[in-house]
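Structure record follows, encoded as structure tokens.
The values are calculated or read from the model by the stated rules, or taken from the named source; none is laboratory data. A quick note: this is a predicted structure, and the numbers were derived from the prediction, not measured. Cβ coordinates were reconstructed from backbone atoms using ideal geometry, including for glycine residues, and neighbour counts include every protein chain displayed. Heavy atoms of the whole protein, side chains included, go into the accessibility calculation; ligands, DNA and RNA do not. Shrake-Rupley method; radii C 1.70, N 1.55, O 1.52, S 1.80 Å.
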Amino acid sequence: MAALESPENHIKATATSTATTSSSTTSDLNFSVRRRSTTVTDSPSTEMMESEDLKSNGKECDKVTNENRSDIKFNYRPSMPAHRGVRESPLSSDAIFKQSHAGLFNLCIVVLVAINSRLIIENIIKYGWLINGGFWFSSKSLRDWPLFMCCLSLPAFPFAAYLVEKLAYQNYLPQLVVVFLHTIITTGSLLYPVLVILRCDSAFLSGVTLMLFSCIVWLKLVSYAHTNSDLRAIAKSIDREDVPSISPYVGNPYDTYFKSLVYFMVAPTLCYQSSYPRTESVRKGWVVQQFVKLIIFTGFMGFIIEQYINPIVKNSQHPFKGNLLYAIERVLKLSVPNLYVWLCMFYCFFHLWLNILAELLCFGDREFYKDWWNARTVEEYWRMWNMPVHKWMVRHIYFPCLRNKIPKGLAILIAFLVSAVFHELCIAVPCHVFKLWAFIGIMLQVPLVVITKFLQNKFRSSMVCPFLHLFISQAERLKSGTSDK
């Protein structure tokens, strides 16, 4: 009888048996999974829901398994073609900038850590431990420490500025007198620390800290006076109905609050305003972590200065009295540790310290820097690496110059001039060396701004160095010329 059955009946019987077998296998699998789930949960409703989910998941898994088996059976045969299209090599000129290089970046980090670890060990073995605390802190009494004097005296200048603004708000002082008093206050807040440092033989770190602190106070006082002067002018315009009702300043009337000035003087910003974006709470654990990082990176920065930079400088000849090649070699030898110190300084101050201060004060706007490492020109770099100073320059120098019909190029030059003066003060005064090296170095950035902007306009590429872009374009031209021939 079985031999006399028709082929159709045989196929049906086979399909039925296969379906029965697969269904029984699925039911056994679901039953075994269901038995496992009952050992975990006790609720009947939970068991039913989990069994239904496991049934659907089991069907999906069976479907995916069957598809994978089908792919292995038909798509990965020896006769299937392995080359199915035109592709470029990852390092070719057409594809190198269209992919991620995270692996190469990680490899460079590993190599960099290995090389510098070897150099550190070699330096310690050759020269020993060169850390000298006398370079950082003086053993003199506190009365000869400029930073201690600064902490006692500099807060008097913001208080004087507040009194001037309070009298101006009550219309007791005319505008010219207010400007004159603010000029005296801001100038005194900068000249007084300079005289203290020059008269006292203090430690280098104390002098630099005092100058940075006094420069910050000067910038804040200028912003406080300039902003309040503008708010007074707007308030008078509102009284005369010269300002439209849609003006954004109408909802922020001019007033003077001592609490606002105190918060501004300790906040991580240089631009005064009556209120700032605030966060809800302080993350204490996060603050502790950032403090630990600050201590570690500050110590590493001091180690590089004492162990590498100071010995190189002491053992070097005068740059204008020795051999030119020797001077170039010394400069190149100093470039790497100087770069590490600069990166550590940036990370410690702009990321760790300012974020710690912002967290403790619930200061919301924490854009202290942008991605300056992706800057395409020198101008973009100066706009992105120090956002508090950049916002101050734009708000109180650049746009006021433009409103007074000063050309854009001259306004940029004035901003660089102000920056060069403050760089010279922060370097020359603590070192007691007035050679204008810092001033000249900052002013030389102006021609670099012009040159890099010209190159950026000529070779428009956001990710490629202009010279590399020029090389790639020339190679593409040669390639196209060869293909035409």
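Say we look at the stretch 169-186 and pick out the residues that are within 19 Å of F422 (Cβ to Cβ) and among the polar types (S, T, N, Q); which of these is most open to solvent (accessible area, probe 1.4 Å)?
So the first thing to find is which residues in the stretch 169-186 are within 19 Å of F422 (Cβ to Cβ), and the list is 182-183, 185-186.
From what is left, the residues that are among the polar types (S, T, N, Q) are 183, 186.
Numbers: T183: 72, T186: 15 Å².
Ranking the qualifying residues of the stretch 169-186, first place goes to T183.
The rows are residues; the columns are (1) part of a helix (DSSP H, G or I); (2) surrounded by 19 or more Cβ atoms within 10 Å (Cβ to Cβ); (3) among the acidic types (D, E).
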{"residue": "I406", "(1), (2), (3)": "no, no, no"}
{"residue": "G409", "(1), (2), (3)": "yes, no, no"}
{"residue": "L417", "(1), (2), (3)": "yes, no, no"}
{"residue": "A420", "(1), (2), (3)": "yes, yes, no"}
{"residue": "P430", "(1), (2), (3)": "yes, yes, no"}
{"residue": "F434", "(1), (2), (3)": "no, no, no"}
{"residue": "V449", "(1), (2), (3)": "yes, yes, no"}
task: Could you list all residues from the stretch 79-128 that are part of a loop (DSSP other than H, G, I, E, B) and in contact (Cβ under 8 Å) with a residue 60 or more places away in the chain?
output: S93, F97
message: Can you tell me how many residues within the stretch 385-402 are without any contact (Cβ under 8 Å) to a residue 60 or more places away in the chain and buried (at least 17 other Cβ atoms within 10 Å of the Cβ)?
response: 8
query: Across the stretch 267-281, what is the total count of residues that are open to solvent by 70 Å² or more (accessible area, probe 1.4 Å) and out of contact with any strand residue (DSSP E or B) (no Cβ under 8 Å at 6 or more places or on another chain)?
result: 4
- line: Of the residues in the stretch 187-214 that are more than 17 Å from V421 (Cβ to Cβ) and of a type in the set (V, I, T), the one that is most open to solvent (accessible area, probe 1.4 Å) is T209
Matching residues in the stretch 97-118 - criterion: being among the small types (G, A, S) and open to solvent by 90 Å² or more (accessible area, probe 1.4 Å): S100
query: Residues in the stretch 320-345 that are surrounded by 15 or more Cβ atoms within 10 Å (Cβ to Cβ) and either in contact with a Pro (Cβ under 9 Å, 6 or more places away or on another chain) or under 26 Å from A267 (Cα atoms) (or both): how many?
result: 4
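Each row is one residue, and each column tells you yes or no for (1) within 20 Å of L119 (Cβ to Cβ); (2) outside any helix (DSSP H, G or I).
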{"residue": "E329", "(1), (2)": "yes, no"}
{"residue": "L332", "(1), (2)": "yes, no"}
{"residue": "L343", "(1), (2)": "yes, no"}
{"residue": "I356", "(1), (2)": "no, no"}
{"residue": "E367", "(1), (2)": "no, yes"}
query: Which one of these does Y172 not meet: (1) among the aromatic types (F, W, Y); (2) assigned to a helix (DSSP H, G or I); (3) at pLDDT 85 or above?
result: (2)
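Just checking, how many residues over the stretch 119-168 are modelled with pLDDT of 85 or more, under 31 Å from the mean Cα position of the chain (by Cα) and open to solvent by 50 Å² or more (accessible area, probe 1.4 Å)?
Within the stretch 119-168, the subset modelled with pLDDT of 85 or more is 121, 153-168.
If we keep only those that are under 31 Å from the mean Cα position of the chain (by Cα) too, we end up with 121, 154-155, 158.
From the residues that got through so far, the ones that are open to solvent by 50 Å² or more (accessible area, probe 1.4 Å) too are 121, 155.
Looking only at that region, the number is 2.
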task: List the number of the failed condition for V313; all other conditions in (1) within 26 Å of L354 (Cα to Cα); (2) open to solvent by 80 Å² or more (accessible area, probe 1.4 Å); (3) in a helix (DSSP H, G or I) hold.
output: (1)
- request: Within the stretch 361-381, track down each residue that is within 13 Å of the chain's Cα centre (by Cα) and closer than 18 Å to V287 by Cα.
  value: R366, E367, F368
- request: Determine whether L332 is modelled with pLDDT of 90 or more, among the hydrophobic types (A, V, I, L, M, F, W, C) and on the phi < 0 side of the Ramachandran plot.
  value: no
